[in-house]
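Only one structure is covered here, and it is reproduced in the block below.
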Amino acid sequence: MSEEQGGKPAADDPRVRAALERYWRSNLKVMASLLAVWAIASFGCGILLVEWLNQYRLPFTGFPLGFWFAQQGSIAIFVLCILVYCIAMNRLDRRHHEELEALAAPRRQHR
(Lines give C-alpha, C1' and ligand atoms only; values in the text may rest on other atoms or scores of the structure.)
Protein backbone atom coordinates (compact mmCIF):
# COMPACT_ATOMS: atom_id res chain seq x y z
CA MET A 1 0.00 0.00 0.00
CA SER A 2 1.27 3.44 -0.83
CA GLU A 3 1.28 6.34 1.58
CA GLU A 4 -1.58 8.78 1.80
CA GLN A 5 -1.28 12.12 0.03
CA GLY A 6 -2.80 15.29 1.43
CA GLY A 7 -4.95 13.53 4.04
CA LYS A 8 -6.56 11.24 1.46
CA PRO A 9 -6.41 7.46 1.63
CA ALA A 10 -4.19 5.74 -0.92
CA ALA A 11 -5.91 4.91 -4.21
CA ASP A 12 -4.47 1.39 -4.23
CA ASP A 13 -5.95 0.63 -0.80
CA PRO A 14 -8.45 -2.26 -1.20
CA ARG A 15 -10.84 -0.53 1.21
CA VAL A 16 -10.84 2.54 -1.04
CA ARG A 17 -11.45 0.42 -4.14
CA ALA A 18 -14.33 -1.32 -2.36
CA ALA A 19 -15.80 2.07 -1.37
CA LEU A 20 -15.55 3.27 -4.97
CA GLU A 21 -17.28 0.12 -6.21
CA ARG A 22 -20.10 0.61 -3.68
CA TYR A 23 -20.41 4.24 -4.78
CA TRP A 24 -20.64 3.28 -8.46
CA ARG A 25 -23.15 0.48 -7.76
CA SER A 26 -25.33 2.91 -5.80
CA ASN A 27 -25.10 5.44 -8.62
CA LEU A 28 -26.20 2.81 -11.14
CA LYS A 29 -29.15 1.80 -8.94
CA VAL A 30 -30.33 5.41 -8.72
CA MET A 31 -29.96 5.89 -12.49
CA ALA A 32 -31.71 2.63 -13.35
CA SER A 33 -34.61 3.39 -11.01
CA LEU A 34 -35.14 6.88 -12.39
CA LEU A 35 -34.82 5.72 -15.99
CA ALA A 36 -37.43 3.04 -15.28
CA VAL A 37 -39.80 5.67 -13.87
CA TRP A 38 -39.26 7.85 -16.91
CA ALA A 39 -39.76 4.91 -19.29
CA ILE A 40 -43.03 3.98 -17.60
CA ALA A 41 -44.23 7.59 -17.76
CA SER A 42 -43.18 8.27 -21.34
CA PHE A 43 -43.54 4.92 -23.10
CA GLY A 44 -46.06 3.28 -20.80
CA CYS A 45 -48.44 6.16 -20.09
CA GLY A 46 -47.75 8.12 -23.28
CA ILE A 47 -47.97 5.24 -25.78
CA LEU A 48 -49.08 1.87 -24.37
CA LEU A 49 -51.77 3.02 -21.93
CA VAL A 50 -52.83 6.18 -23.76
CA GLU A 51 -56.29 4.91 -24.76
CA TRP A 52 -57.09 3.72 -21.26
CA LEU A 53 -55.78 6.95 -19.69
CA ASN A 54 -57.75 9.09 -22.15
CA GLN A 55 -60.98 8.12 -20.38
CA TYR A 56 -59.81 10.41 -17.56
CA ARG A 57 -59.41 14.17 -17.81
CA LEU A 58 -56.64 16.27 -16.31
CA PRO A 59 -58.32 18.43 -13.63
CA PHE A 60 -58.88 22.11 -14.48
CA THR A 61 -57.74 21.64 -18.10
CA GLY A 62 -60.10 19.18 -19.74
CA PHE A 63 -57.24 17.46 -21.57
CA PRO A 64 -57.35 13.65 -21.75
CA LEU A 65 -54.77 12.21 -19.38
CA GLY A 66 -53.14 9.97 -22.01
CA PHE A 67 -52.73 12.93 -24.36
CA TRP A 68 -51.20 14.99 -21.55
CA PHE A 69 -48.68 12.25 -20.73
CA ALA A 70 -47.73 11.91 -24.38
CA GLN A 71 -47.29 15.66 -24.87
CA GLN A 72 -46.11 17.10 -21.56
CA GLY A 73 -46.25 14.58 -18.76
CA SER A 74 -43.19 12.64 -19.84
CA ILE A 75 -41.19 15.87 -20.05
CA ALA A 76 -42.36 16.93 -16.58
CA ILE A 77 -41.48 13.49 -15.20
CA PHE A 78 -38.04 13.72 -16.85
CA VAL A 79 -37.35 17.09 -15.20
CA LEU A 80 -38.47 15.67 -11.84
CA CYS A 81 -36.16 12.68 -12.39
CA ILE A 82 -33.26 15.09 -12.90
CA LEU A 83 -34.13 16.87 -9.65
CA VAL A 84 -34.39 13.58 -7.73
CA TYR A 85 -31.08 12.42 -9.27
CA CYS A 86 -29.32 15.59 -8.12
CA ILE A 87 -30.65 15.25 -4.58
CA ALA A 88 -29.84 11.52 -4.42
CA MET A 89 -26.33 12.03 -5.77
CA ASN A 90 -25.62 14.86 -3.33
CA ARG A 91 -26.54 12.51 -0.47
CA LEU A 92 -24.53 9.67 -1.97
CA ASP A 93 -21.51 11.95 -2.52
CA ARG A 94 -21.69 13.18 1.07
CA ARG A 95 -21.79 9.61 2.42
CA HIS A 96 -18.95 8.56 0.12
CA HIS A 97 -16.72 11.46 1.16
CA GLU A 98 -17.42 10.74 4.83
CA GLU A 99 -16.47 7.11 4.26
CA LEU A 100 -13.21 8.09 2.54
CA GLU A 101 -12.41 10.54 5.35
CA ALA A 102 -13.02 7.78 7.90
CA LEU A 103 -10.61 5.54 5.99
CA ALA A 104 -7.97 8.28 6.00
CA ALA A 105 -8.45 9.21 9.70
CA PRO A 106 -6.64 6.22 11.26
CA ARG A 107 -3.61 6.84 9.04
CA ARG A 108 -3.43 10.49 10.08
CA GLN A 109 -3.50 9.53 13.77
CA HIS A 110 -0.50 7.22 13.44
CA ARG A 111 1.76 9.78 11.78
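A few points about this structure:
- Residues that are basic (Lys, Arg), at pLDDT below 95 and in contact with an Asp or Glu (Cβ under 6 Å, 6 or more places away or on another chain) do occur in segment 98-110.
- For Ser74: the one exception among (1) within 30 Å of Ala102 (Cα to Cα); (2) under 18 Å from the mean Cα position of the chain (by Cα): (1)
- Figure legend. Inter-residue proximity from segment 12-33: first residues at pLDDT below 95 and exposed (fewer than 14 other Cβ atoms within 10 Å of the Cβ), second residues hydroxyl-bearing (Ser, Thr, Tyr) and not in a helix (DSSP H, G or I), beta-carbon distance below 9 Å, spacing 6+ or different chains. Indicated pairs: Asp12/Ser2.
- Scan of segment 46-63 for residues that are on the phi < 0 side of the Ramachandran plot, exposed (fewer than 11 other Cβ atoms within 10 Å of the Cβ) and not charged (D, E, K, R), ordered by number: Gln55, Pro59, Thr61
- Positions within segment 43-62 being at pLDDT below 90 and among the small types (Gly, Ala, Ser), in sequence order: Gly46, Gly62
- Count of segment 68-94 residues which are modelled with pLDDT under 95, surrounded by 14 or more Cβ atoms within 10 Å (Cβ to Cβ) and not hydrophobic (A, V, I, L, M, F, W, C): 2
- Selected residue (criterion: nearest to Leu92 (Cα to Cα)) from residues of segment 11-42 that are in a helix (DSSP H, G or I) and in contact with a Ser or Thr (Cβ under 8 Å, 6 or more places away or on another chain): Trp38
The values are calculated or read from the model by the stated rules, or taken from the named source; none is laboratory data. Worth saying up front: this structure is predicted, and the values here are computed from it rather than measured. Don't worry about glycine lacking a Cβ; one is built from the backbone with ideal geometry, like all the others, and counts go over all protein chains shown.
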